[in-house]
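Worksheet for the structure shown next.
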Amino acid sequence: MNLKNNLTLGIESTAHTWSVGIVEFSGKVLSLVNDMFIPEKGGIHPILVKEQHLSNFMQIINKALDDASISIKEIDLIAFSKSPGLGPILKIGAHVARMLSQLLGIPIVAVNHCIAHIEIGRFLSKIEDPLTLYVSGGNTIVSAYESGRYQIFGETLDIPIGNLIDSFARDVGIPHPGGPKVEALARESDNYLHLPYVVKGMDLSFSGLYSAAKRLIESKDYENKYTLYDVANSLQETAFAMLTEVTERALAHTGKSEILLTGGVAANKRLQEMIKYISREHAVRFEVVPLKYAGDNGAMIAWTGILRYKSIGGNNISETQINPKERMDQITIPWRS
Ligand code: ATP
Ligand code: FE2
């Protein structure tokens, strides 16, 4: 295959966001356009998200092409997120990607979304071999590259950290995504209320913490003896201390000399501060994925597609089926071996 322009179109479609990134093989991002589903109330309803993505997908692709000042015929490679995520949403990305690949007669790469969060962080932060804390609405994973894979050293046993914060936010009337607003509330308080801190071995459990925080805002003492600012602060302090403890232990276990913080929750300044603190204690380098690329985005999918393509080529169409539950430690990483 003669790749004329070395341009990849990456499609992110695992949950709330339909995103298209156009990235050169060198890693230069030419354009990135996001279309995020924001529920009027409640959580993310897959049927409503699907409707939005189906209505807008071509418009977003065209906007990304326009922003990059290229025509679709100049694209050499299609990459899309095949896992993990919500089945009906993953399917839209897979169908559009397969259609474009066949229509244009160009290769396709099926990408694991979690690995893409790590790879974009590694690339943009110029970090070689980090221990990674990947924290988002759907995932809470401490991982590092070992024996050809991104091995998982610690993870949540129940709800993910972003989901914990978003659910708490919803309970107090803050619309999705609640993360940035809970962070702003927490900044206004130094008062710590006791909440359950649950670390089991290297894994974390946030569901008891969620229930306890909910009880605090339903209590007769709420807005009497303590405020929403205090509960938000206590929730963050407890959850982030748990994440920091597991990250620190994984650092000692793996002996890595760099830490990367990635995923949507990586935007949180208090979490960054806590991880930075342990990095200093252990004299290791600490990097946070640039904010624009912390959440779900098509550029990270394109870049991971490029890494795979440059190393072993594209996927056969039979390998492009979606896999809503795929774990990232199931996947071999040819570009790092
Ligand atoms: P994944 O599929 O990787 O689990 P996701 O669908 O949750 O990703 P992301 O965009 O990676 O999407 O992450 C979104 C999450 O990040 C939401 O839970 C949101 O509340 C959280 N978030 C965003 N900014 C902040 C912040 N400043 N503090 C805490 N959480 C934040
Ligand atoms: Fe994500």
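The values are calculated or read from the model by the stated rules, or taken from the named source; none is laboratory data. Source: prediction; values computed, not measured. When we count neighbours, we look across all protein chains shown, and the Cβ atoms used for this are built from the backbone with ideal geometry, even at glycine.
Of note:
- Only one of Ser234, Ser279 that is within 16 Å of ligand 1 (Cβ to nearest atom), modelled with pLDDT of 95 or more and more than 29 Å from Leu86 (Cβ to Cβ): Ser234
- Scan of the stretch 79-102 for residues that are within 16 Å of Thr8 (Cβ to Cβ) and either among the β-branched types (Val, Ile, Thr) or crowded, with 24+ Cβ neighbours inside 10 Å (or both), ordered by number: Ala79, Phe80, Ser81, Lys82, Gly93, Val96, Ala97
- Any hit, the stretch 100-114, residues being in contact with a Phe, Trp or Tyr (Cβ under 6 Å, 6 or more places away or on another chain), over 30 Å from Ser257 (Cβ atoms), away from ligand 1 (no atom under 16 Å from the Cβ) and not β-branched (Val, Ile, Thr): no
- Condition check for Gly105: surrounded by fewer than 24 Cβ atoms within 10 Å (Cβ to Cβ), out of contact with any strand residue (DSSP E or B) (no Cβ under 8 Å at 6 or more places or on another chain) and modelled with pLDDT under 95: no
- Checking Ile78, Ile152 one by one, the residue that is touching a Leu at 6+ places or on another chain (Cβ under 6 Å), assigned to a strand (DSSP E or B) and modelled with pLDDT of 95 or more is Ile78 and no other.
- Leu307 falls short on exactly one of the conditions (1) more than 16 Å from ligand 2 (Cβ to nearest atom); (2) assigned to a helix (DSSP H, G or I); (3) in contact with a Leu (Cβ under 8 Å, 6 or more places away or on another chain), and that condition is (3).
- There is no residue in the stretch 231-249 that is closer than 26 Å to Glu146 by Cα, of a type in the set (A, V, I, L, M, F, W, C), within 16 Å of ligand 2 (Cβ to nearest atom) and not in a strand (DSSP E or B).
- Enumeration of residues in the stretch 123-136 that are within 16 Å of ligand 1 (Cβ to nearest atom), crowded, with 24+ Cβ neighbours inside 10 Å and outside any strand (DSSP E or B): Ser136
- Subset tally (residues that are more than 12 Å from ligand 2 (Cβ to nearest atom) and either in contact (Cβ under 8 Å) with a residue 24 or more places away in the chain or under 17 Å from Leu204 (Cα atoms) (or both)) for the stretch 127-154: 19
- Screening the stretch 155-202 for residues that are assigned to a strand (DSSP E or B) and more than 16 Å from ligand 1 (Cβ to nearest atom) and picking the one that is surrounded by the most Cβ atoms within 10 Å (Cβ to Cβ) gives Val199.
- Any hit, the stretch 251-268, residues being within 17 Å of Ser189 (Cβ to Cβ) and either within 16 Å of ligand 1 (Cβ to nearest atom) or in a helix (DSSP H, G or I) (or both): yes
- One residue stands out among those in the stretch 93-115 that are more than 16 Å from ligand 2 (Cβ to nearest atom) and among the polar types (S, T, N, Q): the one that is nearest to the chain's Cα centre (by Cα), which is Ser101.
- Each residue in the stretch 253-262 was checked for being in contact with a Leu (Cβ under 8 Å, 6 or more places away or on another chain) and either of a type outside the set (Val, Ile, Thr) or surrounded by fewer than 24 Cβ atoms within 10 Å (Cβ to Cβ) (or both), and 5 of them qualify.
- Filter result for Ile61 (in contact (Cβ under 8 Å) with a residue 60 or more places away in the chain, crowded, with 18+ Cβ neighbours inside 10 Å and in contact with a strand residue (DSSP E or B) (Cβ under 6 Å, 6 or more places away or on another chain)): no
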